[in-house]
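What follows is a single structure, written as structure tokens, with notes after it.
Each value in this text was obtained by applying a stated rule to the coordinates, not by laboratory testing. Predicted model only: the values in this text are computed from it and were never measured. Using ideal geometry, Cβ is built from the backbone for each residue, glycine included, and neighbour counts are taken over all protein chains shown.
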2 protein chains.
Amino acid sequence: MKATVIGIGLIGGSLALEMRKSKRFTEIYGVDESAEHGKQAVQLGLVDEVLPLSEGLNRADVVVLAIPVNAIVRMLPQVLDSIHPQTMVFDTGSTKGAICKSVKQHPNRGRFVAAHPIAGTENSGPTAAFNSLFQGKVNIVCEKEMSDEDALQLATQLFASAGMRTVFMEPDEHDRHLAYVSHLSHVSSFLLGQTVLDIEQNEKHISMLAGSGFASTVRLAKSSPAMWAPIFEQNREYLSQALQEYILHLQRFQYHLMKGNTHELYNIMLQANEIRRILNGIPNTINEKTLVS
Amino acid sequence: MKATVIGIGLIGGSLALEMRKSKRFTEIYGVDESAEHGKQAVQLGLVDEVLPLSEGLNRADVVVLAIPVNAIVRMLPQVLDSIHPQTMVFDTGSTKGAICKSVKQHPNRGRFVAAHPIAGTENSGPTAAFNSLFQGKVNIVCEKEMSDEDALQLATQLFASAGMRTVFMEPDEHDRHLAYVSHLSHVSSFLLGQTVLDIEQNEKHISMLAGSGFASTVRLAKSSPAMWAPIFEQNREYLSQALQEYILHLQRFQYHLMKGNTHELYNIMLQANEIRRILNGIPNTINEKTLVS
């Protein structure tokens, strides 16, 4: 089989590496709007060749869309228009509602699998790609009944060979959950970073005082705005709700802080300690590659 | 020399290990209000022997206070009352204003060094202690002119042998800076954890969806309430200010989110990306030990 990965960044590039490892593909092509990224992807051995979009679609048995979610919504219907009848397409976007909606009535909807491999680091571009990114992680597939059997099977097998367990879920449920466990974390991290940058303008030595705790909470503030702005836009309703709840928790904490209700602060933290339970269900994903940055 | 470490947890225990490594101490004693922790500290080889407070103070040339900051404020004056004239005392508390104030007029103030080694993990207790916790980190000493020369020198040397660079700062400046780069991170993490726990009560499978980003931002939510409640209480004014600024940033983000001003969201994130610069100034402190949890 031949695969074409559209968007050879952290996710697309890492997936290309996994596809190569699986030995099911004789050729892996890349399509990228950045010529520089295309060149890097070939040099790094992520893909064999960089092609224009039309040629990439023409040669592919499998097409992977690993581009920002607004670009997926724009491009996916065109991709399904252009592919050969047996070609399979799947995406890797962090939202699923708008993407599924964009091709709901498409005559080739069956060739598409709406996927979200939940994996990533704060880094982006082809140089951020690495083997084992997906190891032990969860992949979500939405509207599985809309996908043809062969396409669903291939996508599931590919993610399985990359070390992922696939779970099925409806797009709306996916977007609601991800607002809390992923998108909100990114917002909190970006704005924590901004708050500290603000004060740093007047306090030159503040960076010296930042420890590992700060580094951990603001790590995601290094993430790509081009990737995240469209995710936030598409998941606006659920993210806004999550953000509102978060802000209310912060305000309640501030109230008790100012009132000197230290025992209340203690109880709030004690409850939050429960998060250990959730975290223990998370595969350890802070790996070597992440730590380099 | 003989040292007594009061509070043999993550910080006290790790410091005891460093003191042992430095070979300047013939005996290292521990004092802990938890008999269980005392026993563990001996078993783990952190200290040679656990003593009652009075005996620990009687035998020590150096006393380290590594207990919650409210306990330091309460205990430090008594410790300075009880020590031999040549004994040196230093603390490791994450606030400095209230601690320095508690002994400002004490006749033995010179024997005390107000220190804050900026290091830690989200774990606590003797089992959380480990060698190399302090490697490459910064130690803050406040009101250095109030400490006797020999005490200041010994403290600085000890922290240096543990791999730390000592920086001098006034207590007020310390507390203001730490509100932003440390205490606020903890608050944001605790309440992010709480927000997700809230929704999880109704959504049983949410933990499955949490990825490495979430794990990173809520790692600090596992921290000890007994340690953090008094820190927040003592640094109430500055922390409340930092928290207010953070909330305003979040609210502005939510406004643009709801208005569909995606370009504004993009710009906010692009600005926040600047945090890379600050993070690059931070020693890499997410080490093996931290990753285990």
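Points to keep in mind about this one:
- Square roots of five times the Cα gyration tensor eigenvalues for the protein assembly as shown, Å: 51, 23, 20
- Ascending list, in nanometres, of distances separating the B:HIS205 label from those of the other copies (7 Å, Cα toward Cβ): 5.3
- Principal axis dimensions, largest first and in whole angstrom, of the stretch A:1-84 by Cα: 29, 26, 18
- DSSP bridge pairs, the protein assembly as shown: antiparallel proportion in percent, nearest 5: 15 percent
- Annotation: Cα Rg of chain B relative to the compact-globule expectation 2.2 N^0.38 Å equals 1.09.
- For chain A, the relative contact order comes to 17 percent (Cα pairs under 8 Å, sequence separation of at least 6).
- GNM result for chain B, Cα springs below 10 Å: residue of B:ILE83, B:ILE11, B:ILE268 fluctuating most strongly: B:ILE268
- The stretch A:174-292: C-alpha gyration tensor shape, a/c 1.5 cut-off, then a/b vs b/c: rounded
- When chain A is treated as a Gaussian network with alpha carbon springs shorter than 10 Å, the biggest mean-square fluctuation among A:MET88, A:MET146, A:MET164 belongs to A:MET146.
- Distance between the C-alpha centres of the stretch A:178-226 and the stretch B:54-87: 37 Å, rounded to the whole angstrom.
- Fraction of antiparallel bridges per DSSP, chain A only, in percent to nearest 5: 15 percent
- Net charge dipole, chain B: roughly 500 debye, given to the nearest 20, about the Cα centre with Cβ charges of +1 for Lys and Arg and -1 for Asp and Glu.
- Taking 20 Å as the cut-off, the amide N atoms of the stretch A:84-127 that come nearer than this to a point 7 Å along the Cα-to-beta-carbon line of A:GLU145 belong to A:96-116.
- Per residue, the convex hull volume that the Cα atoms of the stretch B:111-213 enclose (Å³): 142 Å³
- 25 °C / 0.890 mPa s Stokes-Einstein diffusion coefficient of the stretch A:2-170, Kirkwood radius on C-alpha pairs, µm²/s: 159 µm²/s
- Nitroxide proxy distance, nm - points 7 Å out along Cα→Cβ at A:GLN153 and B:GLU49: 7.4 nm
- Ascending distances from the A:ARG24 label point to its copies in the other chains, with the point 7 Å along the Cα-to-beta-carbon line: 6.2 nm.
- Shielding by partners, peptide A:222-229 (average Cβ within 10 angstrom, other chains): 5
- Listed residues A:LEU209, A:LEU57, A:LEU243, most fluctuating in chain A (Gaussian network, C-alpha, under 10 Å): A:LEU209
- Teacher prompt: A:VAL167 distances to equivalent labels in other copies, 7 Å Cα→Cβ, nm: 4.1
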